[in-house]
Amino acid sequence: MGQAPAAGRVAAFLDRDGVLNAAILRGGKPRPPASVGDLVIRPGVRAACTSLRNFGVLLLVVTNQPDIARGTATRDEVDAINQHLTAELGLDAVLVCPHDDADGCDCRKPKPGLLLRAAEQFGVDLGRSVMVGDRDRDIEAGRRAGVTTVWVRSDYPEGAPDRPDHIVDGLVEVVPLLIPSLTVEEDSLR
């Protein structure tokens with residue numbers, strides 16, 4: 001798959017768990033919510049998505065969901081969460097890797113397959129787009145796809161990723177990176 005043409009659209013490639021919604025720590029590891037009922041959208045995410053969408057930025061979720069391959073979640077459960085987030089946040093698409101590391105697929109981050117597929121499908125200019133994630137896998141996938149990388153600071157035991165282009169505390173801080181003239185007012189976060 002080749003890169004989209006330079007005249008392509010700007011996209012925010014977004015990891016799901018830990019960026020859009022709160023990850024659930026189990027055994028010191030970040031895990032996805034088990035159901036829509038367990039889903040908690042992170043502060044500022046709604047306002048950030050609205051601002052980005054209003055300026056024509058594509059909101060493309062690229063998420064590893066290995067619990068499908070592991071048999072601890074069904075595709076229907078994962079899809080229900082994704083559909084809820086899409087409706088709540090106005091997402092343009094959610095691309096899911098249902099595999100585990102041993103499957104050797106090209107879509108499981110840190111490989112860039114999901115980003116490259118989305119770029120081709122939506123006509124994305126990778127050079128003007130960002131990958132926002134909370135783990136090293138996200139940052140590495142973004143780097144391999146040729147996008148600017150943004151790490152959402154987390155306190156996971158695995159620590160910080162290697163050399164993200166930007167470090168933020170939440171998605172709302174990504175808005176001025178993509179739209180320098182725009183900042184989201186604190187009042188809109190409440």
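Just a few scattered comments:
Rundown of residues vs (1) touching a Ser or Thr at 6+ places or on another chain (Cβ under 7 Å); (2) closer than 18 Å to residue 14 by Cβ; (3) among the basic types (Lys, Arg), yes/no style:
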position	(1), (2), (3)
50	no, yes, no
73	no, no, no
86	no, yes, no
96	yes, yes, no
119	no, yes, no
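- Scope the stretch 82-124; condition in contact with a Phe, Trp or Tyr (Cβ under 9 Å, 6 or more places away or on another chain) and assigned to a loop (DSSP other than H, G, I, E, B); matching residues: 92
- Hits in the stretch 133-145 (condition: under 14 Å from residue 42 (Cβ atoms) and crowded, with 24+ Cβ neighbours inside 10 Å): 133
- Some residue of the stretch 182-190 being hydroxyl-bearing (Ser, Thr, Tyr) and out of contact with any helix residue (DSSP H, G or I) (no Cβ under 6 Å at 6 or more places or on another chain): no
- Selection of the stretch 163-183 for residues being more than 9 Å from residue 48 (Cα to Cα), modelled with pLDDT of 95 or more and of a type in the set (A, V, I, L, M, F, W, C) yields 167, 168.
- Restricting attention to the stretch 41-61 and to residues that are hydrophobic (A, V, I, L, M, F, W, C) and more than 15 Å from the chain's Cα centre (by Cα), the residue that is modelled with the highest pLDDT turns out to be 47.
- Total residues in the stretch 146-171, condition in a loop (DSSP other than H, G, I, E, B) and either buried (at least 22 other Cβ atoms within 10 Å of the Cβ) or not small (Gly, Ala, Ser) (or both): 12
- Subset of the stretch 23-68 (residues that are small (Gly, Ala, Ser), under 23 Å from residue 174 (Cβ atoms) and not in a loop (DSSP other than H, G, I, E, B)): 47, 48, 51
- Of all positions in the stretch 9-17, at least one carries a residue that is in contact with a Lys or Arg (Cβ under 7 Å, 6 or more places away or on another chain), farther than 28 Å from residue 155 by Cα, in contact (Cβ under 8 Å) with a residue 60 or more places away in the chain and not aromatic (Phe, Trp, Tyr).
- Screening residue 51 on (1) touching a Leu at 6+ places or on another chain (Cβ under 9 Å); (2) surrounded by fewer than 19 Cβ atoms within 10 Å (Cβ to Cβ); (3) hydroxyl-bearing (Ser, Thr, Tyr) shows it passes everything except condition (2).
- Test: residue in the stretch 20-30 that is basic (Lys, Arg), more than 18 Å from residue 94 (Cβ to Cβ) and touching an Asp or Glu at 6+ places or on another chain (Cβ under 7 Å): no
The values are calculated or read from the model by the stated rules, or taken from the named source; none is laboratory data. It should be emphasised that the depicted structure is a prediction, and the values quoted were computed from it without experimental measurement. Quick reminder, even Gly has a Cβ in these numbers, built from the backbone with ideal geometry, and neighbours come from all protein chains shown.
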